[in-house]
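To start, the structure under review is shown below, and the notes come after it.
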Amino acid sequence: MLGAQWGDEGKGKATDLLGGSVDYVVRYQGGNNAGHTVVVGDQKYALHLLPSGILSPGCTPVIGNGVVVDPSVLLSELSGLNERGVDTSKLLISGNAHIITSYNVTVDKVSERFLGKRKIGTTGRGIGPTYADKINRVGIRVQDLYDESILTQKVEAALDVKNQMLTKFYNRRAIAVEQVVEELLGYADKLAPYVADTVLVLNQALEQDKVVLFEGGQGTLLDIDHGTYPFVTSSNPTAGGACTGAGVGPTKISRVIGILKAYTTRVGAGPFPTELFDEDGEALRRIGGERGVTTGRDRRCGWFDAVIARYATRVNGLTDFFLTKLDVLTGWEQIPVCVAYEIDGKRVEELPYSQSDFHHAKPVYEMLPGWSEDISKAKSFSDLPKNAQAYVKALEEMSGAPISAIGVGPGRDETIEINSFL
Ligand code: IMP
């Protein structure tokens with residue numbers, strides 16, 4: 001299950017909904033740059049790093065090898081949940097997951113500041129520098145916390161270069177190896193009960209026909225390979241990322257569910273053809289509560305973009321969509337939907353591969369009739385007003401995969417299930 005747009009599609013609700021009927025929920029990439037809001041009864045939970053399955057008692061939540069873990073965030077998220085009576089003892093963390101060290105949080109912030117108006121608008125959580133260390137083979141992994149001598153050598157190797165950069169280039173103070181090692185060792189015992197060979201655990205579970213749900217953070221258009229590079233995150237939220245980020249072969253994945261908001265949002269910088277700068281955008285932001293769970297930043301809002309949805313279907317091999325937040329669109333007389341782009345005077349049906357073309361893309365809108373009835377109590381597709389049904393059907397046709405569930409409100413039960421996901 002993954003985001004089909006720029007993240008914040010409502011994946012937390014969707015995965016949580018399935019959490020009760022699956023055995024494992026696995027995060028396979030990203031870190032605490034993600035933010036899921038899950039509403040259970042009258043309780044609201046904001047999760048950043050933990051898989052949403054943590055709120056379903058029968059489910060084992062797993063942080064896979066492809067995730068980057070900030071131990072201080074993880075431990076405070078766990079203790080926050082424990083204080084509210086949530087049992088977190090089943091959590092498993094891959095020993096191969098990389099750790100977001102405090103120096104990488106520093107590097108993320110200073111490098112963004114240095115970029116000035118060219119900045120990416122990162123969440124400032126150290127995500128990019130940690131993945132860069134991983135690829136440069138100077139990263140620190142969870143398993144390193146259990147071998148002090150290896151840990152010290154690795155931190156030394158990483159800081160050798162980073163301190164040069166921090167002091168000479170960014171004009172910051174050097175970071176002491178001992179201080180970092182001491183901080184990291186301080187997490188070792190607290191994390192130890194959770195650390196596991198998650199690749200083995202998950203593959204054994206699949207052999208026993210257990211249901212495993214892979215939960216992508218961010219969204220397709222924020223993917224480092226398939227997104228709007230360079231305005232992307234530093235990992236692969238797209239479906240292939242589930243294989244590498246959890247150590248499970250592609251033949252084991254039977255359904256790929258794209259979470260699709262009934263309109264579009266984005267945080268951070270980068271192109272966004274259907275972005276609205278008028279009162280409609282303001283209304284979507286207000287009604288949809290479009291403010292980042294992680295950063296508290298207002299999200300940029302715009303109409304639904306079918307070109308992006310089609311692209312998401314293609315690069316992920318989507319089998320289904322979960323359409324979220326349809327209720328937010330209640331009250332518009334007509335709802336514009338972007339069906340194609342106009343680029344330099346030409347109509348383009350598919351997402352252009354060229355970054356400059358995408359920056360120039362202007363949306364071509366089709367107007368769909370709106371509805372004014374409250375849809376939050378709808379339990380089946382036929383409960384929806386005719387125009388809402390037609391809106392969903394039009395999106396389905398344009399997007400290239402069946403819409404199997406529709407969110408009509410934030411609560412767990414405010415969902416219309418059309419086809420079962422399991
Ligand atoms: P980073 O992941 O912190 O490096 O940020 C890179 C880009 O991804 C920025 O535009 C962020 O706003 C965006 N981003 C990261 N995580 C999320 C998310 O969970 N939802 C939406 N946007 C995100």
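The values are calculated or read from the model by the stated rules, or taken from the named source; none is laboratory data. This structure is a prediction, so every number in the text was calculated from the model and none was measured. Reconstructed Cβ throughout: ideal geometry from the backbone, glycine too, with neighbour counts over all protein chains shown.
Of all positions in the range 72-86, none carries a residue that is crowded, with 20+ Cβ neighbours inside 10 Å, outside any loop (DSSP other than H, G, I, E, B) and in contact with a helix residue (DSSP H, G or I) (Cβ under 7 Å, 6 or more places away or on another chain).
Determine whether the range 192-209 contains at least one residue that is within 11 Å of the ligand (Cβ to nearest atom), buried (at least 22 other Cβ atoms within 10 Å of the Cβ) and under 27 Å from residue 103 (Cβ atoms).
So in the range 192-209, the residues within 11 Å of the ligand (Cβ to nearest atom) come out as none.
So far as the range 192-209 goes, no, none of its residues is within 11 Å of the ligand (Cβ to nearest atom), buried (at least 22 other Cβ atoms within 10 Å of the Cβ) and under 27 Å from residue 103 (Cβ atoms).
Restricting 130, 60, 37 to residues that are at pLDDT below 95, in contact with a strand residue (DSSP E or B) (Cβ under 6 Å, 6 or more places away or on another chain) and among the β-branched types (Val, Ile, Thr) narrows the list to 37. Could you grab the pairs with beta carbons closer than 8 Å, sequence gap of 6+ or different chains, first residue in the range 339-355 and without any contact (Cβ under 8 Å) to a residue 60 or more places away in the chain and more than 17 Å from residue 398 (Cα to Cα), second one acidic (Asp, Glu) and not in a strand (DSSP E or B)? Close Cβ pairs (under 8 Å, with a partner that is acidic (Asp, Glu) and not in a strand (DSSP E or B)) amount to 343/357; 344/357. Does the range 102-114 contain at least one residue that is in contact with a strand residue (DSSP E or B) (Cβ under 9 Å, 6 or more places away or on another chain) and of a type in the set (Asp, Glu)? So far as the range 102-114 goes, no, none of its residues is in contact with a strand residue (DSSP E or B) (Cβ under 9 Å, 6 or more places away or on another chain) and of a type in the set (Asp, Glu).
One residue alone among 256, 232 is over 12 Å from the mean Cα position of the chain (by Cα) and of a type in the set (A, V, I, L, M), and that residue is 256. Only one of the listed residues (324, 294, 274) is more than 27 Å from residue 377 (Cβ to Cβ) and within 15 Å of the ligand (Cβ to nearest atom). That residue is 294.
Determine whether residue 348 is over 22 Å from residue 288 (Cβ atoms) and assigned by TED's automatic domain parsing to the domain that holds residue 238.
Working: over 22 Å from residue 288 (Cβ atoms): yes; assigned by TED's automatic domain parsing to the domain that holds residue 238: yes.
Yes; evaluated as a whole, the condition is true for this residue.
The lone criterion from (1) exposed (fewer than 14 other Cβ atoms within 10 Å of the Cβ); (2) touching a residue at least 24 places away in the same chain (Cβ under 8 Å) left unmet by residue 321 is number (1).
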